[in-house]
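The values are calculated or read from the model by the stated rules, or taken from the named source; none is laboratory data. All values derive from a computational prediction rather than experimental measurement. Heads up, the Cβs are rebuilt from the backbone with ideal geometry, glycines too, and the neighbour counts pull from every protein chain shown.
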Amino acid sequence: MRRGSLPAGIAAVVSATLFLAGCVPGADDGALPDGPDTLRILAGSEVKDMVPILEDAAEETGVKVVFEYTGTLEGTELVASGGAAGRYDATWFPNNRYLSLLPGAGQEISESVRIMSSPVVLGLRSDVAERLGWDAEPPTWAELAEAAAAGDFTYGMTNPAASNSGFSALVAVATALSGTGTALQERDIESVTPEMTKFFSAQKLTAGSSGWLAEKVVSEPDTVDGLINYESVLMGLELGGAPATIVTPSDGVVTSDYPLTLLQSATGKKEKFDALTDWLTTPEVQERIVREVHRRPAVPGVDTGGVFGDEVLFETPFPGTIDVANALISTYLDTVRAPSQSVFVLDTSGSMAGERIDALKASLSGLSGADTSTTGSFNQFRVRERITLLPFDDVPGAPTVVDVPETDKSGALEEIRSVTDGLHAEGGTAIYDSLREAYEVAVAQRAERPDTFVSIVLMTDGENANGSDAADFEYYYAGLGPDARGIPVFVVLFGDGDVDELTRVAELSGGQVFDALNGDLAGAFQEIRGYQ
């Protein structure tokens with residue numbers, strides 16, 4: 001085992017789109033800026049830390065990069081469907097494994113170049129790793145599962161339906177527990193479910209982003225003992241006041257190889273693609289990648305300074321079909337992991353009349369079964385989940401609580417759609433009174449079902465105009481117990497919402513801000529599902 005020793009800054013997830021130096025402003029329709037020297041890249045948020053290196057690439061090669069970030073599964077589905085053609089020139093996800101399973105994906109891709117790599121492993125507080133002996137002898141996934149079931153440690157992990165690091169960990173643990181030594185089959189999933197349930201009983205924190213997850217654990221060190229994440233994120237991370245001990249399960253991990261991939265529709269940009277990938281794979285830049293973003297080099301002979309230790313990584317075979325991958329994710333969400341309890345605080349004030357209230361209804365309808373895409377199905381309200389709808393105008397409305405049963409969830413989803421369809425816009429805007437009511441509901445629900453992921457979602461299109469103000473709410477929040485203060489608020493910026501005040505709510509609660517100011521309310525709600 002080894003402890004991370006390199007300094008590492010973890011970038012916060014601030015926006016969906018990033019323009020690097022030298023790019024022209026984006027078009028009014030939200031399209032990425034383009035030009036003969038520009039590569040428009042659809043990417044996972046994991047590569048945000050490569051921005052400084054890419055800025056230097058623009059100066060040295062003349063190739064300018066503009067990113068749009070998305071979840072790996074959502075982005076790969078867009079590529080496979082042909083929806084990325086013409087909008088982007090390339091993709092840069094942690095890996096292309098899920099993409100390779102999707103029908104039609106091959107014809108959308110021209111070529112890929114591996115830039116760097118990082119395995120998904122476990123980072124633990126050093127005292128916990130020492131107590132369990134994992135600082136000296138790496139455990140198997142089965143040993144991790146037994147220790148998890150015994151309550152010996154807790155951890156956070158991203159949602160496999162939203163983030164590649166969580167999906168990679170899920171594949172590794174399920175494949176190892178199957179004991180077959182081969183790629184996971186659908187028949188294996190049911191047999192390993194009891195052991196997976198043991199392992200995931202120790203998961204006490206979820207997220208849609210590996211970067212946000214790491215920040216959460218650092219800022220709230222008493223939440224969990226560690227986290228499952230990329231080795232590159234864990235190196236230099238401090239848990240409990242000391243560098244995290246990196247634990248690499250001895251029976252296999254899934255490694256991301258970060259392939260920069262040119263789309264078939266952008267072969268006119270091949271010269272620029274080649275120039276950029278050639279530069280990124282030079283020994284000098286590969287050494288810089290090791291130093292600055294803590295990823296392993298993609299080319300042989302690069303001096304790593306011994307920072308990755310001498311452990312030999314055993315690579316877990318990846319599922320061979322999309323059906324196996326999707327069945328594994330569904331089993332995790334529906335059976336294996338702890339269920340969630342989510343309170344949706346929904347602005348139905350007069351300013352929401354017309355298109356805005358229609359957008360809200362459509363967004364919740366999508367989560368209630370109307371969106372039948374693969375990504376949409378993963379983001380649907382799940383079995384065992386409790387959904388609370390709390391509309392508000394100048395006062396908080398009466399909450400509607402819907403428990404989704406373990407068997408047939410159609411009735412529960414229909415109830416949510418019915419309540420949603422009945423929303424109408426009128427009156428003022430009492431944001432903070434409604435947030436207080438949401439906390440009262442969420443705290444009571446957590447007390448009733450403590451082994452759940454509890455969160456609050458606040459969607460408003462305006463400024464607070466009724467009831468208590470921001471200072472009143474902060475005073476109320478400070479008086480809550482530590483358990484209640486651990487319930488995050490995920491804020492959706494929409495319409496004319498006060499960005500500064502709403503961002504403060506998210507920061508105060510340890511939540512996150514999701515930008516729907518461009519009108520994509522459904523997209524924001526879908527993204528939030530990765531954190532619930």
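Which number in (1) in contact (Cβ under 8 Å) with a residue 12 or more places away in the chain; (2) closer than 21 Å to Ala471 by Cα marks the one condition that Glu440 misses?
Going through the list (1) in contact (Cβ under 8 Å) with a residue 12 or more places away in the chain; (2) closer than 21 Å to Ala471 by Cα, Glu440 breaks only (1).
Filter region 39-89 down to the residues that are buried (at least 18 other Cβ atoms within 10 Å of the Cβ), free of Cβ contacts under 8 Å to residues at least 60 places away in the same chain and hydroxyl-bearing (Ser, Thr, Tyr) and list them by number.
Tyr69, Thr70, Thr76
Please go through (1) hydroxyl-bearing (Ser, Thr, Tyr); (2) without any contact (Cβ under 8 Å) to a residue 40 or more places away in the chain; (3) part of a helix (DSSP H, G or I) for Thr407 and return the number of the only condition it doesn't satisfy.
(3)
Working only within region 469-527, note down all residues that are free of Cβ contacts under 8 Å to residues at least 12 places away in the same chain and surrounded by 15 or more Cβ atoms within 10 Å (Cβ to Cβ).
Hits for region 469-527 are Asp520, Gly523.
Need pairs with beta-carbon distance below 8 Å; first residue in the same structural domain as Ala129 (by TED's automatic domain parsing) and free of Cβ contacts under 8 Å to residues at least 40 places away in the same chain and within region 218-238, second surrounded by fewer than 24 Cβ atoms within 10 Å (Cβ to Cβ) and in a helix (DSSP H, G or I); sequence gap 6+ or separate chains.
Taking only residues 6 or more apart or on different chains, the pairs are Glu238/Val218.
Under 6 Å between Cβ atoms, which residue pairs at least 6 apart in sequence (or on different chains) link something in region 104-120 that is within 23 Å of Gly301 (Cβ to Cβ) with a partner that is outside any strand (DSSP E or B) and among the aromatic types (Phe, Trp, Tyr)?
Listed pairs, sorted by first residue: Ile115/Tyr258; Met116/Tyr258.
Within region 70-135, which helices (runs of 4 or more DSSP H) (wholly inside it) include 1 or more residues that are within 23 Å of the chain's Cα centre (by Cα) and of a type in the set (A, V, I, L, M)?
72-80, 97-101
Go through (1) touching a residue at least 24 places away in the same chain (Cβ under 8 Å); (2) within 30 Å of Tyr155 (Cβ to Cβ); (3) surrounded by 17 or more Cβ atoms within 10 Å (Cβ to Cβ) one by one and return the number of the condition Thr429 breaks.
(2)
From Val343, Val312, Val324, grab the single residue that is over 30 Å from Leu39 (Cα atoms), modelled with pLDDT under 95, among the aliphatic types (A, V, I, L, M) and not assigned by TED's automatic domain parsing to the domain that holds Leu102.
The conditions single out Val312.
Does Asp472 count as more than 28 Å from the chain's Cα centre (by Cα) and acidic (Asp, Glu)?
Here the answer is yes, as Asp472 does meet what is asked.
Pull out all pairs, ordered by first then second residue, where Cβ-Cβ is under 9 Å, the residues are six or more apart or on different chains, the first lies in region 193-216 and is under 28 Å from Thr70 (Cα atoms), and the second is surrounded by fewer than 20 Cβ atoms within 10 Å (Cβ to Cβ) and basic (Lys, Arg).
The qualifying pairs are Gly211/Lys48.
Scan region 372-386 and give yes if some residue there is hydrophobic (A, V, I, L, M, F, W, C), modelled with pLDDT of 95 or more and over 27 Å from Ala202 (Cα atoms), otherwise no.
No: region 372-386 contains no residue that is hydrophobic (A, V, I, L, M, F, W, C), modelled with pLDDT of 95 or more and over 27 Å from Ala202 (Cα atoms).
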